[in-house]
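These notes concern the structure reproduced below.
The values are calculated or read from the model by the stated rules, or taken from the named source; none is laboratory data. In this text, all values refer to a predicted model and were calculated from it rather than measured experimentally. Don't worry about glycine lacking a Cβ; one is built from the backbone with ideal geometry, like all the others, and counts go over all protein chains shown. Only protein heavy atoms, including side chains, enter the accessible area calculation; ligands, DNA and RNA are left aside. Shrake-Rupley method; radii C 1.70, N 1.55, O 1.52, S 1.80 Å.
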Amino acid sequence: MDGSILESIGAEITGVMSPVSICMLLVVLLVYALSSPTTSVPIRTAANLVYVEAPTDSAAQKLEGSLLNALVFVLLIAAVTFLLVLLYYYNFTAFLRHYMRLSAFFVLATMGGSIFLSLVQHLSIPVDAVTCFLLLFNFTAVGVLSVFSRGVPILLRQSYMVVLGIIVAAWFTRLPEWTTWSLLVALALYDLVAVLAPGGPLKILVELASSRDEELPALVYEARPTMSGRNPAGLLVGGVSDNGSAELQLVSRNGESREHAPIDIDSDEIEAARDQGETSPLVPNARERHSLSSSAASSDRNRQPEIFVEEEMSPLVEMLGMGNERQHSRRDGADTSLTMDRGIKLGLGDFVFYSVLVGRAAMYDLMTVYACYLAIVSGLGCTLILLAVCRHALPALPISIALGIMFYFLTRLLMEPFVVGMSTNLMMF
């Protein structure tokens with residue numbers, strides 16, 4: 001066994017938490033860089049259509065107005081989500097792809113351009129209008145192609161997904177304080193219902209995509225896929241000869257090759273070996289090892305060495321039973337292909353609202369930022385562990401948002417007065 005399952009799960013969790021942490025950090029830096037008394041005027045968006053908070057309003061008015069704003073926003077999100085599910089159900093996938101491309105272009109060009117111009121003005125960067133336009137156009141075009149095109153390096157796609165989350169979260173941090181907190185609570189509850197309820201739109205969408213074996217028609221961050229086809233001796237190089245037999249060659253890790261006679265392997269033998277695969281007793285259903293041996297070896301060897309082909313996927317995905325790993329061997333077509341599952345996926349909305357919570361905390365104090373960050377990361381880790389236990393899709397917002405809001409108010413109301421009082425009296429510094 002190549003390591004404990006805890007190490008594998010830890011690597012998987014780290015692969016999801018790292019981009020989330022980077023997104024939250026950059027949003028906090030943007031809030032500190034762009035926040036000023038002149039830019040604290042709330043903006044009018046879909047999140048505050050009903051009520052615009054004013055400093056002179058009472059607490060009861062702010063609470064009532066923020067709840068109305070959250071209710072209207074959640075209803076709009078639910079209506080749009082049901083419309084997308086309906087379009088996907090009737091196979092309007094081309095329209096959905098163009099809609100997502102247009103949405104990404106709009107976010108990068110307009111919202112991202114506004115943030116870029118604000119940074120240029122705030123930092124007094126000398127740049128002319130033509131250069132600024134060319135930079136923004138190239139940034140937007142490369143971003144849209146990276147997110148929606150195939151053959152793009154996964155690191156570039158992941159980077160632009162994080163950038164999209166940063167831009168949207170930076171805009172949401174401009175909402176009034178009461179509306180922000182009400183909106184976060186309402187969206188966490190909506191996420192819980194939409195994913196777990198029998199008629200929830202996100203649950204229906206996930207089931208449809210799974211039944212069709214297609215990608216989700218949404219902006220989703222994908223963790224880096226794991227390696228496949230490893231063997232203890234090194235690399236396994238395979239080819240197909242003219243007579244249709246698979247020629248296997250073991251290449252050690254220091255570059256030395258060991259040639260073997262051609263071995264005829266057809267799809268029936270592969271499926272039979274897959275059905276008889278052994279499972280590790282310490283890690284149930286974690287890895288399947290298939291041993292394929294052949295009797296067509298050279299006569300100078302007393303024992304034919306076995307060639308182990310290890311099929312490995314993301315540990316959390318494999319424990320979920322959602323792995324879609326397939327191995328196709330086509331003897332007549334002289335082609336061998338391997339399709340792998342890409343691992344854990346996290347919606348872009350989770351990036352956005354995690355960062356909105358931390359960005360709102362950054363407007364008060366750094367101590368609340370640390371507390372909210374630890375709470376969000378802890379909640380995300382709990383969600384990923386529950387994902388392996390429950391074996392089906394789970395909402396990523398409720399636990400993290402609940403812990404983040406609780407830690408924010410506990411830090412602001414209890415911890416900060418205690419620490420400040422201890423520090424001012426020289427009892428702690």
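Can you find a residue that is closer than 21 Å to residue 206 by Cα and either under 25 Å from the mean Cα position of the chain (by Cα) or charged (D, E, K, R) (or both) anywhere in the stretch 67-75?
yes
Give the residues of the stretch 87-108 that are open to solvent by 40 Å² or more (accessible area, probe 1.4 Å), modelled with pLDDT of 90 or more and of a type in the set (A, V, I, L, M), sorted by residue number.
102
Looking at the stretch 357-372, can you tell me whether even one residue there is at pLDDT 90 or above, within 19 Å of the chain's Cα centre (by Cα) and assigned to a helix (DSSP H, G or I)?
Checked the stretch 357-372: at least one residue is at pLDDT 90 or above, within 19 Å of the chain's Cα centre (by Cα) and assigned to a helix (DSSP H, G or I).
Taking the stated definitions as given, is residue 54 part of a helix (DSSP H, G or I) and of a type in the set (A, V, I, L, M)?
Answer is no for this residue.
Quick check on the stretch 355-397: of everything there that is open to solvent by 10 Å² or more (accessible area, probe 1.4 Å) and in contact with a Lys or Arg (Cβ under 8 Å, 6 or more places away or on another chain), which residue is farthest from residue 35 (Cα to Cα)?
If we take residues in the stretch 355-397 being open to solvent by 10 Å² or more (accessible area, probe 1.4 Å) and in contact with a Lys or Arg (Cβ under 8 Å, 6 or more places away or on another chain), then 393 is farthest from residue 35 (Cα to Cα).
Which of the residues spanning the stretch 101-139 are touching a Phe, Trp or Tyr at 6+ places or on another chain (Cβ under 7 Å) and farther than 17 Å from residue 348 by Cβ?
Once the filter is applied, which keeps residues that are touching a Phe, Trp or Tyr at 6+ places or on another chain (Cβ under 7 Å) and farther than 17 Å from residue 348 by Cβ, the stretch 101-139 yields only 136.
Tell me which residues, restricted to the stretch 70-86, are surrounded by fewer than 17 Cβ atoms within 10 Å (Cβ to Cβ) and touching a residue at least 40 places away in the same chain (Cβ under 8 Å).
Keep residues of the stretch 70-86 that are surrounded by fewer than 17 Cβ atoms within 10 Å (Cβ to Cβ), which gives 71, 75-76, 78-80, 82-83, 86.
Once the filter is applied, which keeps residues that are surrounded by fewer than 17 Cβ atoms within 10 Å (Cβ to Cβ) and touching a residue at least 40 places away in the same chain (Cβ under 8 Å), the stretch 70-86 yields 71, 78, 82.
Which of the residues that make up the stretch 410-429 are out of contact with any Ser or Thr (no Cβ under 8 Å at 6 or more places or on another chain) and exposed (fewer than 13 other Cβ atoms within 10 Å of the Cβ)? I'd like the intermediate steps shown before the answer.
Applying the first criterion (out of contact with any Ser or Thr (no Cβ under 8 Å at 6 or more places or on another chain)) to the stretch 410-429 yields 410, 413-415, 417-428.
The answer is 413, 414, 417, 418, 421, 422, 423, 424, 425, 426, 427, 428.
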